[in-house]
1. Can you give me the angle between helix A:220-229 and the longest principal axis of chain A, using Cα atoms only, in degrees from 0 to 90, rounded to the nearest 10?
2. Which of the GluC sites (Glu not before Pro) found in region A:336-405 are loop residues per DSSP with 14 or fewer other Cβ atoms within 10 Å of their Cβ?
3. Which order results if A:9, A:382 are arranged by neighbouring Cβ count within 10 Å, fewest first?
4. Apply the Karplus curve 6.51 cos²θ - 1.76 cosθ + 1.60, θ = phi - 60°, to the phi angles in region A:95-102 and return the couplings in whole Hz, x for Gly and Pro.
5. Could you tell me what fraction of 2.2 N^0.38 Å the Cα radius of gyration of region B:9-86 comes to, as a two-decimal ratio?
6. List, in order, the whole-Hz ³J(HN,Hα) value for each residue of region A:286-293 obtained from phi through the Karplus relation with A = 6.51, B = -1.76, C = 1.60 and θ = phi - 60°; use x for Gly and Pro.
7. Might you report the magnitude of the Cβ-based charge dipole of region A:419-565 about its Cα centre, with Lys and Arg at +1 and Asp and Glu at -1, to the nearest 20 debye?
8. Going through region B:1-103, which GluC sites (Glu not before Pro) have at most 14 other Cβ atoms within 10 Å and a DSSP loop state?
Amino acid sequence: MKMTGSQMVCESLIREGVDVIFGLPGGAILPLYQTLPEFPQLRHILVRHEQGAAHAADGYARVTGRPGIAWATSGPGATNLITGIATAQMDSIPMVVVTGQVARAAIGSDAFQETDTTGITLPITKHNYLVMDTEEIPRIIKEAFHIASTGRPGPVLVDIPKDVLQEEAEFEYPDSIDVPGYKPTLEGHPAQIKRAARVIAESERPVILAGHGIIFSGAYDELRELAEKAQIPVITTLLGISSFPDDHVLCVGMPGMHGMAYASKAIEDADLLIALGMRFDDRITGKPSAFAIRSRKIHIDIDPSEIGKNIPVDVPIVGDLKRVLRKLNKMVKPATHLEWIQHIDRLKREHPSMYIRPTDKLLPQFIINQLSKATEGRAVIVTGVGQHQMWAAQHYMFKDPQTFVSSGGSGAMGYEVAGAMGAKVGAPDRVVWSVAGDGGFQMTMAELATMVENRINVKFAIINNSFLGMVRQWQEFFYQKSYVATQYTHNPDFVKLAEAFGMLGLRVSDKTQVMPAIEQAMSYDGPALIDFVVEEEENVYPMIPAGQSIHSLIEEPRPEEVVAR
Amino acid sequence: MMTNGSPPRRTITALVQDKPGVLNRISSMFRRRGFNIASLAVGHSEEADLSRMTFVVEGDDSTVEQMTKHLHKLIDVIRVSDISDQNIVSRELALIKVKSNVQTRSEIMQIVNVFRAHIVDVAPDSLIVEVSGNEDKVDSLHELLKSFGVVEVMRTGTIAINRGAGSRSKRAGRVDWGEASSV
């Protein structure tokens with residue numbers, strides 16, 4: 001059947017099961033937009049800034065596991081996507097991004113709104129395409145979805161010149177994919193899996209380090225089976241949060257720079273690390289040469305290039321976690337590790353990192369604690385980057401898989417606004433709370449209009465300390481409290497701002513009002529925002545300074561009776 | 001073919017898609033991750049639409065392992081082989097323009113003959129020597145010719161191939177790190 005390039009794009013997206021597109025039009029991509037009314041199955045959400053489209057597609061992908069879709073025009077449209085694409089690349093988020101490009105004849109001439117989009121996005125995509133033939137569109141879109149969503153997922157960008165969108169060609173959607181250079185290894189090597197089982201049996205003090213890969217693979221039951229069968233404590237990385245229930249008796253929480261002291265200490269004391277779908281990020285290892293030196297390491301990951309990249313590994317296994325763990329679980333012998341678990345319990349008592357000090361002041365930790373209670377640990381929590389993100393990771397008790405949505409590797413402030421929008425679109429039946437910083441929120445808050453316009457019911461908790469809080473904390477700890485360029489002396493009135501956008505706006509500066517405000521926001525039928533005016537100079541504890549080992553751990557000063565508890 | 005001093009060199013070959021931008025993807029990855037390439041040669045392979053590249057890279061074993069893994073991770077790269085420890089033939093072609101005159105010409109020709117090189121152009125005050133061989137041989141000839149005055153050197157970088165019947169595009173092409181593949 002003859003179709004225009006634009007019709008081919010829409011038809012191909014429908015064949016790939018797409019229902020929502022986040023985007024913003026412009027000259028080069030206009031032919032594609034003008035075709036949208038022919039395809040009512042495709043819901044388009046018009047954002048206010050392309051960064052919002054990219055973050056929303058990312059948030060959508062994180063809660064659904066399906067590729068998120070973002071559209072933008074050439075030049076500034078494409079460059080505005082960059083932060084969002086880089087965020088998705090760092091956290092392995094499946095996304096298919098379609099950008100318009102100037103007409104073929106104009107490419108390379110510095111035409112109006114021309115940017116070398118494939119060149120710019122080359123190092124921040126899993127793969128990208130510049131489509132030079134209309135008839136290639138179906139094959140390329142099919143490949144893009146395949147590459148984005150299989151193996152280690154990631155963003156794929158398809159850049160299409162305007163005249164390629166306008167031209168007609170024969171549409172034939174391929175049944176199969178032929179990418180000879182892309183064949184992810186799914187089944188782990190049997191001999192290595194057997195070796196892993198043996199090493200686990202030999203271990204007296206094993207810990208599991210569960211990462212984002214558990215979520216991508218959907219290996220929740222398999223992780224739980226491994227942990228319970230051999231009684232192995234489970235530590236979750238930042239992006240591994242919600243891969244294992246926080247209220248499980250074997251859950252030890254998050255390790256690393258702002259992780260639980262007892263989790264970091266358990267890694268230090270372990271004789272075996274079982275690293276599952278994680279990549280030994282520097283926020284976990286600190287000083288790699290001093291990281292977990294007493295332990296052997298089993299590393300299971302679908303990406304061979306992650307194995308041995310940062311930390312030497314004794315038993316490497318390349319494969320899909322669900323499949324590898326199923327085989328491993330059959331071979332793993334039941335064990336109790338009673339002494340080891342008692343040791344970790346003692347660490348938990350001696351280093352109560354979840355401690356919130358009693359005070360009348362409004363502490364961010366307390367707000368997250370109350371939010372966790374009000375939502376029974378079942379909301380989708382979307383965060384930005386900084387102190388509020390760490391407090392959310394520490395103090396929210398996640399019960400369900402795929403409910404913690406946060407910019408991890410890239411650390412993109414501002415993610416919390418559009419990321420939450422995408423998450424709510426992807427999971428409309430879940431309560432979605434954006435835990436925002438006042439700094440990040442102001443980077444991307446234009447998308448509040450998109451949410452009101454499209455009735456996307458996100459609740460915002462702004463942890464407002466009038467500072468770029470994490471940077472301020474570093475200045476306090478490492479630069480003698482020299483607060484250079486971190487204080488906002490004149491933040492907008494967030495309540496009036498919410499009202500101006502057509503949302504419910506509430507302000508809380510008193511501890512007793514936290515729960516009533518959360519409840520009021522949740523019972524309100526529509527997007528709502530709470531401006532929590534918190535202690536300005538509150539610090540995130542514990543902290544292991546960048547590049548340091550567990551021996552440099554800084555814990556929150558606390559009264560004696562708590563230590564003795 | 002190793003040159004003296006650190007870091008050690010390894011020879012890696014890759015079978016890649018012959019498409020626009022592939023060289024850019026590869027060189028961008030090497031640059032971004034701070035890997036060092038000593039030389040790089042690209043040309044058509046025995047199969048249509050596929051090119052073969054030979055990299056001579058610098059780095060210790062774990063760095064080279066990372067290089068091969070990241071190379072293989074690129075979608076347009078089909079096969080990667082670290083052939084350094086295998087039975088290989090490696091060659092480089094060089095064109096060396098040397099100053100010469102009536103007095104020195106015959107002396108240069110003698111050296112060229114010893115190296116089984118050729119003189120491919122003669123001008124009144126210079127000549128061009130064509131030499132092929134492994135990197136050491138080309139280096140040695142270059143060194144000897146310096147005393148006459150080397151005007152310009154053009155080198156292709158090393159290409160390498162396994163001895164015997166196997167083809168690297170078919171069965172024998174996997175890097176031996178167990179089971180690594182693309183992602």
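Every number here is computed from the coordinates shown, using simple stated rules; none is lab data. Since the model is a prediction, treat every value here as computed from it, not as a measurement. Please note: Cβ atoms are built from the backbone with ideal geometry, for glycine as well, and neighbour counts cover all protein chains shown.
1. 20 degrees
2. A:376
3. If I rank by nearby Cβ atoms, fewest first, I get A:9, A:382.
4. Residue by residue, region A:95-102 yields 8, 10, 10, 10, 10, x, 9, 4 Hz.
5. My calculation over the Cα atoms of region B:9-86 gives 1.01.
6. Taking θ as phi minus 60°, the curve returns x, 10, x, 5, 10, 8, 6, 6 Hz for region A:286-293.
7. The dipole magnitude comes to about 300 debye.
8. Loop-located and lightly packed - B:46, B:47.
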